[in-house]
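The next block holds one structure in the form of structure tokens; read it before the comments.
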Amino acid sequence: MNIELDIAQLIAKGIKATFHQEIAPEELTIQPTKKEFEGDFTLVTFALTKSLKRKPEEIGEALGEYAKNNSELIANYNVIKGFLNLKLSESFWLQTLASITHTKDYGKAPFHGTKVMVEYSSPNTNKPLHLGHLRNNFLGYSVAEILKASGYEVMKTNLVNDRGIHICKSMLAYKKFGQGETPQSAGIKGDHLVGNYYVIFDKENKKQIEQLVAHYQAETPNEDIEKLKEKAGKNTPLILEAQEMLRKWEEGDKETVDLWKKMNGWVYEGFEATYKMMGVSFDKIYYESNTYLLGKNVVEEGLEKGIFFKKENGSVWIDLKEEGLDEKLVLRADGTSVYITQDLGTADYKYADFPMEKSIYVVGNEQDYHFKVLFTILKKLGRNYADGMYHLSYGMVELPSGKMKSREGTVVDADDLIEEMISIAETRTKELGKIDDFSAEEAKNLYRMLALGALKYYLLRVDPKKTMLFNPEESIDFQGDTGVYIQYIHARICSLLRRAEVLNIDYNLANIPNAQQAIKLHQVEIELIKLIASLPKKIKEAAEEYAPSVMADFAYTLSKAYSKFYNELSVFNEPDEASKSMRLALSAETAKAIKTAMGLIGVEVPERM
RNA sequence: GUUCUCGUAGCUCAGCUGGAUAGAGCAACUGCCUUCUAAGCAGUAGGUCGCAGGUUCGAAUCCUGCCGGGAACACCA
């Protein structure tokens, strides 16, 4: 259902009948009427003055009259300057509600099977997940759900960065200082354990840097201190040893590979627990340890096609100046890969795995340049899938104290944060004392639902592209524009529906005799129907813009409208049976729409709270 | 230096494919629980939409310049 389009078509007919001109319905501006004015939808007639050569008021009057006389849809109209406000008939809104009631999965588009891959999360296996990962994971999961609801066949993937020098740092520190510690013996999650050794490496390495700098200064007292620091940073015994370890790993040295396997195993166990708690999942996990050698064939291909060129020292480059970019290295002089080499190869690899029309990379905006280059190269190489690639670039999450810095220990750990939120949800719920009859398990599940709801909503309500502020106090707020508020509205509706069940009230609109005549709709009710009816459009918009914030906003606006309705009108005290049933049906559809929208941002809604 | 990005109420964010008097939430203040869950509702107050030009009947929205914040531009990943 697309009400705006119906109206636009009607108006287009009116223009033809009245002014004898053809204007495509899509060209007309139909928008919701501002609430200060009477009406439901508004046609902006300013835009028509040129082609129709009339005054805006004149056009408005003529088209308003036409619409009212030629369609059951339009009950009334008014013209204010260049705006034609149309009021739709009550019977139309009732029919709309009835038709929504009968539609299964209202709002979701039918499956069209276009394939899309969504890659997100992409953690490093040297430290646990933090707040930044939460935004990434929630975004990726949500976008995947939204695309599914828009009819796509979705493949969720995770490309785990499980090799490289940073992994060796944790491994080396563990080897030196670990004394055989395990997650079991230490009583902490594996990812945290490994992360601790990464920190230890950094600390020990810093000491060595200081020593080295002092040493250098003794030798060359006149050299710039910053230069010495930089030199020292590359030459500490620990760094050299880590590099040696990486070399051994690449050679397949058994001891090194075994240690790598053991420690990565711990990390995966830890990640799995965190992913499960977050409620995200993947259809396929790729590991860089398997893909890091890919891409060299692509370099060969590029050279053959004359798209890449070789410099004297043997390094391979591409010139992207014409595209407004720069020259970019794609293979080192020693023939080893750089980051983008892998990504080129992996792109082919993923496409061979799952021949998709679209491929979305959920990666932070600090890599904007990288993806611009990557996509441009793939296009130049003639990859037919390149046009469907999209970098869902999201902004950083900052704290009131500024940026998160792992070195300064200001990183908000994902597990800690979730745990804290759950505990706050528990305290708050107990204070209110509304679920005293819940079993321990039910209560625990509710706390988790509320905590994750608050967190996900807080992170997803903001436009993904923008840098956002994470204010811990606000994020646990349960009032106003929050996930918990929406969950609360849903729980309240469920409470009404349970009561209707107990009272055995039938609220199937088809069974209401003479509904069209019997029911007089109130403005709040019309507003609600209007909002629910806009769900398909909202899902479409969210999918086109890869913006979960659209769904979050929809759920909040709808919840607020319902709250107003709930306070203004009573359901069970309504003497008119037809109206009572209609309000129940309306409540049920509101709950469904809230559940759908929240589901698309990965938030569950409780039936009681 | 070059490129990208952001700048809307005290704070956090909507609105940006141009349309009416720029909206929410938080914080502040005032009301509303003997009626369906007060994790709620209603209301008051709060704005040079960073600044200056331009395009247009009409600009927070599009274009240009400037100011301010952030980021990227490695034979790192």
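The values are calculated or read from the model by the stated rules, or taken from the named source; none is laboratory data. These figures come from a predicted structure and were not determined experimentally. Methodologically, a virtual Cβ is constructed for each residue, glycine included, from the backbone with ideal geometry; neighbour enumeration extends over all protein chains shown. Protein only, heavy atoms only, side chains kept; ligands, DNA and RNA dropped before computing areas. Shrake-Rupley method; radii C 1.70, N 1.55, O 1.52, S 1.80 Å.
Computed quantities for the displayed model
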| quantity | calculated |
| --- | --- |
| Calculated Rg and Dmax of segment A:165-286 using C-alpha coordinates, Å | 17.8, 58 |
| Helix A:237-251 vs. chain A, principal-axis angle (Cα, 0 to 90°, nearest 10) | 80 degrees |
| Cα-based Lys proximity count in segment A:3-88, under 13 Å, for pairs eight or more positions apart or on separate chains | 5 |
| Percent of beta bridges antiparallel (DSSP, chain A, rounded to nearest 5) | 50 percent |
| Coil-residue GluC sites (Glu not before Pro) of segment A:1-107, DSSP, other Cβ within 10 Å capped at 15 | A:GLU22, A:GLU36, A:GLU38, A:GLU72 |
| Whole-percent carbon and sulfur share, accessible surface of segment A:3-88, 1.4 Å | 51 percent |
| Carbon + sulfur, % of accessible area of segment A:393-438 - ligands and nucleic acids excluded, 1.4 Å | 45 percent |
| Spatially proximal lysines relative to A:LYS227 (Cα-Cα < 22 Å; intrachain offsets below 8 disregarded) | A:LYS203, A:LYS206, A:LYS207 |
| Residue-normalised accessible area of segment A:410-566, expressed per residue, 1.4 Å probe, Å² | 48 Å² |
| Mean accessible surface per residue for segment A:1-113, computed with a 1.4 Å probe while every protein chain stays in place, in Å² | 56 Å² |
| Sites A:GLU38 and A:TYR287 - FRET efficiency at Förster radius 56 Å, r taken between beta-carbons, to 0.05 | 0.35 |
| MRE, 222 nm, helices only [DSSP H, n ≥ 4, -39500 (n - 2.57), over chain A, to nearest 500] | -18000 deg cm²/dmol |
| Segment A:165-286, relative contact order [Cα under 8 Å, separation at least 6], % | 36 percent |
| Shape box of segment A:3-88 [Cα atoms, principal axes, largest first, Å] | 30, 25, 21 |
| Additional length obtainable on full extension of the chain from A:GLU419 to A:GLU219, 0.36 nm per residue less Cα span | 66.8 nm |
| Share, in percent, of DSSP beta bridges within segment A:290-444 that are antiparallel, nearest 5 | 60 percent |
| Surface per residue (accessible, 1.4 Å probe) for segment A:258-344, Å² | 53 Å² |
| Acute angle (nearest 10 degrees) that the helix A:254-278 long axis makes with the longest principal axis of chain A, alpha-carbon atoms | 20 degrees |
| Within segment A:139-154, backbone nitrogen closer than 11 Å to the virtual label 7 Å beyond the Cα of A:ALA109 toward Cβ | A:147-153 |
| Percentage relative contact order, chain A, counting C-alpha pairs under 8 Å, at least six apart | 15 percent |
| Segment A:SER51-A:GLU241, extension gain: residue separation times 0.36 nm, minus the distance between their alpha carbons | 60.8 nm |
| Rounded to 10°, Cα long-axis angle of helix A:523-533 versus longest principal axis of chain A | 50 degrees |
| Amide N proximity, segment A:385-424 versus A:ASP477 label position 7 Å along Cα-to-Cβ, cut-off under 19 Å | A:397-402, A:421-422, A:424 |
| Segment A:180-235: chymotrypsin sites (Phe, Trp or Tyr not before Pro) in DSSP coil with no more than 12 other Cβ atoms inside 10 Å | none |
| Förster radius 30 Å - calculated FRET efficiency between A:ARG608 and A:ASN511, Cβ distance, rounded to 0.05 | 0.60 |
| Label-point gap, in nm, between A:SER563 and A:LYS13 - each point 7 angstrom along Cα→Cβ | 4.1 nm |
| Cα centroid separation, segment A:94-133 to segment A:273-299 (Å) | 20 Å |
| As computed over chain A, the Cα convex hull volume per residue (Å³) | 216 Å³ |
| Accessible area of segment A:165-286 belonging to carbon and sulfur atoms, whole % at 1.4 Å probe | 52 percent |
| Segment A:TYR349-A:GLU408, extension gain: residue separation times 0.36 nm, minus the distance between their alpha carbons | 17.4 nm |
| Selected from A:LEU325, A:LEU139, A:SER581, residue furthest toward positive end of dipole (chain A; charges at beta carbon) | A:SER581 |
